[in-house]
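The structure appears below as structure tokens.
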Amino acid sequence: MRFIDEATIEIKAGNGGNGCVSFRREKFIPRGGPDGGDGGNGGDVVMVVDAQLSTLLDLKYRKHFVAKNGEHGRGRQQFGRGAGEVVIRVPPGTAVYDAATGELLADLTEPGERLVAARGGRGGRGNMNFATSTRQAPTFATPGTKGGEKALRLELRLLADVGIVGFPNAGKSTLISRISNARPKIADYPFTTLTPNLGVVRAPRDRDFVVADLPGLIKGAHKGAGLGDRFLKHIERCKVLVYLVEPHGGEGRGPLTDFDATARELELYDPALAARPSMVALSKSETISDAQIKKLTSAFRRRKKRLFVISSVTGRGLKELINRLADDVGRDRQPAVGGE
Ligand SMILES: Nc1nc2c(ncn2[C@@H]2O[C@H](COP(=O)(O)OP(=O)(O)OP(=O)(O)O)[C@@H](O)[C@H]2O)c(=O)[nH]1
Ligand SMILES: [Mg+2]
């Protein structure tokens, strides 16, 4: 599935139907009263959060959403039918902006949450409404009002609790494939992951959380090196970050320098990210000696960072990592949102 995190669409709600001017005409009733019915309301254009979605891809292909107009009122007190709403499904984490003014209209996060993005026009009133004792034959009705019309800019920021960041090839995708239901592509070369992947981690005691595997970052990402930093916006809402480092980075690299470089890119992108709760995990630990692990652990400890030693091959440290993440995520979470 392609990952699209920006889209511009045009929407138009339906116009209200006009009220009708009509008089009863029946045999033996020479001067029937007014019987023009009301017009129906135009359809709304509504956005609804669909938890099954994780991309704005659908909106890359379909950009126009037009709701139907309400029917006009008719004689014999017949009301025009109202038009149904047009629904646009979006993933959780979609911010909706008015494309013309840049105003933020809504930040749609909760599954099922709705935004009436363009309201249908109201139906006009038929002349049957306007009869009074002194005005028994009103010859007017009101027209329906116009439905709203606008261009919207949508921006998706994934709603993951935990974001995994690190150099390409560090083992981020392998890790999320081990701890969550995500099945991203894994390969022994850099930049395998080109767009973020999301997965749900089942943690004991109802502490499930969502984890995001982000494309690899390299030094200079903020200046566009590698894939650049455009995917970093997806960790803005993560509560906890995991810096994943590996022992075999190659020349001039190592877990400590990789960690520093990644942290620096995050900080350059958004200083607030540097202050986000985070932890460091060392991947591929089964490929190095205990002595090396010890050395790295104390090097990180000197930086006041606890190093989680893990291996996606042997499973070492994964349970502990999940537990710790679940605790950290749970710390500022309200009662878990209904899962199945
Ligand atoms: N031995 C060993 N290899 C691992 C481990 N975790 C990942 N790998 C290997 O490391 C390579 C890179 O793994 P990926 O999960 O694709 O790395 P990534 O960080 O997602 O890389 P990008 O998507 O390119 O940023 C693959 O060949 C994996 O099989 C591990 O714990 N032990
Ligand atoms: Mg990857």
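Give me the pairs: first residue in region 223-250 and touching a residue at least 60 places away in the same chain (Cβ under 8 Å), second residue polar (S, T, N, Q) and within 15 Å of ligand 2 (Cβ to nearest atom), beta-carbon distance under 9 Å, and six or more apart or on different chains, which are they?
Every condition considered, the pairs that remain are 243/262; 244/262; 244/283; 245/262; 245/283; 246/169; 246/283; 249/169.
Does region 149-161 contain at least one residue that is within 16 Å of ligand 2 (Cβ to nearest atom) and either under 19 Å from the mean Cα position of the chain (by Cα) or touching a residue at least 24 places away in the same chain (Cβ under 8 Å) (or both)?
Yes.
Which one of these is within 25 Å of residue 48 (Cβ to Cβ) and of a type in the set (Ser, Thr, Tyr): 195, 174, 139? Give the steps one after another, and end with the answer.
Values: 174 fails: within 25 Å of residue 48 (Cβ to Cβ); 139 fails: within 25 Å of residue 48 (Cβ to Cβ).
Every option except 195 fails the conditions.
Which residues, taken from region 246-273, are among the charged types (D, E, K, R), at pLDDT below 95 and crowded, with 18+ Cβ neighbours inside 10 Å?
Listed by number, the list holds a single entry, 265.
Restricting to region 63-80, name every residue that is under 34 Å from the mean Cα position of the chain (by Cα) and free of Cβ contacts under 8 Å to residues at least 60 places away in the same chain.
Residues satisfying the conditions are 63, 64, 65, 66, 68.
Can you spot a residue in region 134-141 that is away from ligand 2 (no atom under 16 Å from the Cβ), crowded, with 23+ Cβ neighbours inside 10 Å and assigned by TED's automatic domain parsing to the domain that holds residue 49?
yes
Every residue in region 168-207 that is hydrophobic (A, V, I, L, M, F, W, C) and either within 12 Å of ligand 1 (Cβ to nearest atom) or touching a Leu at 6+ places or on another chain (Cβ under 9 Å) (or both), please.
Passing the criteria: 170, 175, 176, 179, 182, 186, 187, 191, 194, 198, 201, 203.
Can you name every residue in region 145-173 that is in contact with a Gly (Cβ under 6 Å, 6 or more places away or on another chain) and surrounded by fewer than 24 Cβ atoms within 10 Å (Cβ to Cβ)?
Selection gives 145, 146, 157, 159, 168.
Residue 26: in the same structural domain as residue 122 (by TED's automatic domain parsing), at negative phi and surrounded by fewer than 15 Cβ atoms within 10 Å (Cβ to Cβ), yes or no?
yes
I'd like the full set of residues that are part of a loop (DSSP other than H, G, I, E, B), modelled with pLDDT of 95 or more and of a type outside the set (Gly, Ala, Ser), limited to region 78-104.
Residues satisfying the conditions are 79, 81, 85, 101, 103.
State yes or no: is residue 170 at pLDDT below 90, outside the structural domain of residue 105 (by TED's automatic domain parsing), of a type outside the set (Ser, Thr, Tyr) and under 22 Å from residue 316 (Cβ atoms)? Reasoning before the result, please.
On the way: at pLDDT below 90: no; outside the structural domain of residue 105 (by TED's automatic domain parsing): yes; of a type outside the set (Ser, Thr, Tyr): yes; under 22 Å from residue 316 (Cβ atoms): yes.
Answer is no for this residue.
Taking region 2-29 only, how many residues are at pLDDT 85 or above and touching a Leu at 6+ places or on another chain (Cβ under 9 Å)? Reasoning before the result, please.
Initially, region 2-29 is screened for residues at pLDDT 85 or above, giving 5-24.
Applying the additional criterion that residues be touching a Leu at 6+ places or on another chain (Cβ under 9 Å) yields 5-11.
Going through region 2-29 one residue at a time, the tally reaches 7.
Please tell me if residue 138 is touching a helix residue (DSSP H, G or I) at 6+ places or on another chain (Cβ under 8 Å) and at pLDDT below 95.
For residue 138, the condition - touching a helix residue (DSSP H, G or I) at 6+ places or on another chain (Cβ under 8 Å) and at pLDDT below 95 - is met.
Would you point out the residue of region 208-238, among those that are of a type outside the set (A, V, I, L, M) and surrounded by 19 or more Cβ atoms within 10 Å (Cβ to Cβ), that is nearest to ligand 1 (Cβ to nearest atom)?
216
Any residue at all in region 158-167 that's in a strand (DSSP E or B), more than 16 Å from ligand 1 (Cβ to nearest atom) and at pLDDT 90 or above?
No.
Could you tell me whether residue 146 is part of a loop (DSSP other than H, G, I, E, B) and not assigned by TED's automatic domain parsing to the domain that holds residue 274?
Working: part of a loop (DSSP other than H, G, I, E, B): yes; not assigned by TED's automatic domain parsing to the domain that holds residue 274: yes.
The answer is yes for residue 146.
Return the pairs, sorted by first residue and then second, in which the second residue is in a loop (DSSP other than H, G, I, E, B) and modelled with pLDDT of 95 or more, the first residue lies in region 314-325 and is in the same structural domain as residue 180 (by TED's automatic domain parsing) and basic (Lys, Arg), the beta carbons are less than 7 Å apart, and the residues are 6+ apart or on different chains.
These pairs meet every condition: 316/310.
Condition check: in contact (Cβ under 8 Å) with a residue 40 or more places away in the chain and closer than 26 Å to residue 93 by Cα. Does residue 198 satisfy that?
Judged against the criteria, residue 198 is a match.
Taking residue 124 as the residue in question, decide whether it is within 28 Å of residue 136 (Cβ to Cβ), of a type outside the set (D, E, K, R), buried (at least 19 other Cβ atoms within 10 Å of the Cβ) and modelled with pLDDT of 95 or more. If you could, list the steps in order and put the result at the bottom.
Numbers: within 28 Å of residue 136 (Cβ to Cβ): yes; of a type outside the set (D, E, K, R): yes; buried (at least 19 other Cβ atoms within 10 Å of the Cβ): yes; modelled with pLDDT of 95 or more: yes.
When the stated conditions are applied, residue 124 passes them.
The values are calculated or read from the model by the stated rules, or taken from the named source; none is laboratory data. Here the structure is a predicted model, which means the values were calculated and not measured. Every residue, glycine as well, gets a Cβ built from its backbone with ideal geometry; the counts of neighbours run over all protein chains shown.
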